[in-house]
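Here's the structure, in structure tokens; my notes come after.
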Amino acid sequence: QVQLVESGGGLVQPGGSLRLSCAASGSIFRIDDMGWYRQAPGSQRELVADINRGNSTNYGDSVKGRFTISRDNAKNTVYLQMNNLKPEDTGVYYCNAGIRTTLWGGTANYWGQGTQVTVSS
């Protein structure tokens, strides 16, 4: 069984920073792409950023230049550094990972439980 556990959310003022972490644990052979998505009330879940094993990254247009995604393959962990936060960044942030649990198995998609980020004065 595989689990993704996020941490680091909270309440921050506009212009502030937060760092999210997501650690994968359980029966893991290899983790491929990892990423962060977010969902605001009444909105669809959207991509914030993702990163592959070679550290190539992709960002949503609204966070480019403000957020940075990184990963530590030895710790099975992905991070999201969020700077210059805006009220429109408010939402539940979900960690996502494509994980292979055995050498011969396929890659399955896993989600964390989500962590709330609120940007407000």
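The values are calculated or read from the model by the stated rules, or taken from the named source; none is laboratory data. A quick note: this is a predicted structure, and the numbers were derived from the prediction, not measured. All Cβ positions, glycine included, derive from the backbone under ideal geometry; neighbour counts span all protein chains shown. We work out accessible area using only protein heavy atoms, side chains counted, and drop any ligands, DNA or RNA first. Shrake-Rupley method; radii C 1.70, N 1.55, O 1.52, S 1.80 Å.
One residue stands out in the stretch 31-83 among those that are aromatic (Phe, Trp, Tyr) and under 16 Å from GLY8 (Cα atoms): the one that is most open to solvent (accessible area, probe 1.4 Å), namely TYR37.
Hey, among LEU4, LEU11, which residue is surrounded by 13 or more Cβ atoms within 10 Å (Cβ to Cβ), aliphatic (A, V, I, L, M) and touching a strand residue (DSSP E or B) at 6+ places or on another chain (Cβ under 6 Å)?
Answer to the selection: LEU4.
When the stretch 12-33 is filtered for residues that are farther than 20 Å from SER62 by Cβ and among the aliphatic types (A, V, I, L, M), the ones remaining, listed by number, are ALA23, ALA24, ILE28, ILE31. Among the residues of the stretch 37-58, is there at least one that is charged (D, E, K, R), outside any loop (DSSP other than H, G, I, E, B) and touching a residue at least 60 places away in the same chain (Cβ under 8 Å)? Yes. Scanning the stretch 24-46 for residues being over 17 Å from PRO87 (Cα atoms) and within 10 Å of the chain's Cα centre (by Cα) gives a total of 3. Candidates in the stretch 14-30 are the residues that are in a strand (DSSP E or B) and open to solvent by 60 Å² or more (accessible area, probe 1.4 Å); of these, the one that is modelled with the lowest pLDDT is ARG30. Specify the residue that is farthest from the chain's Cα centre (by Cα); the eligible residues are those in the stretch 83-110 that are without any contact (Cβ under 8 Å) to a residue 24 or more places away in the chain and assigned to a loop (DSSP other than H, G, I, E, B). For the stretch 83-110, the residue satisfying everything is TRP104.
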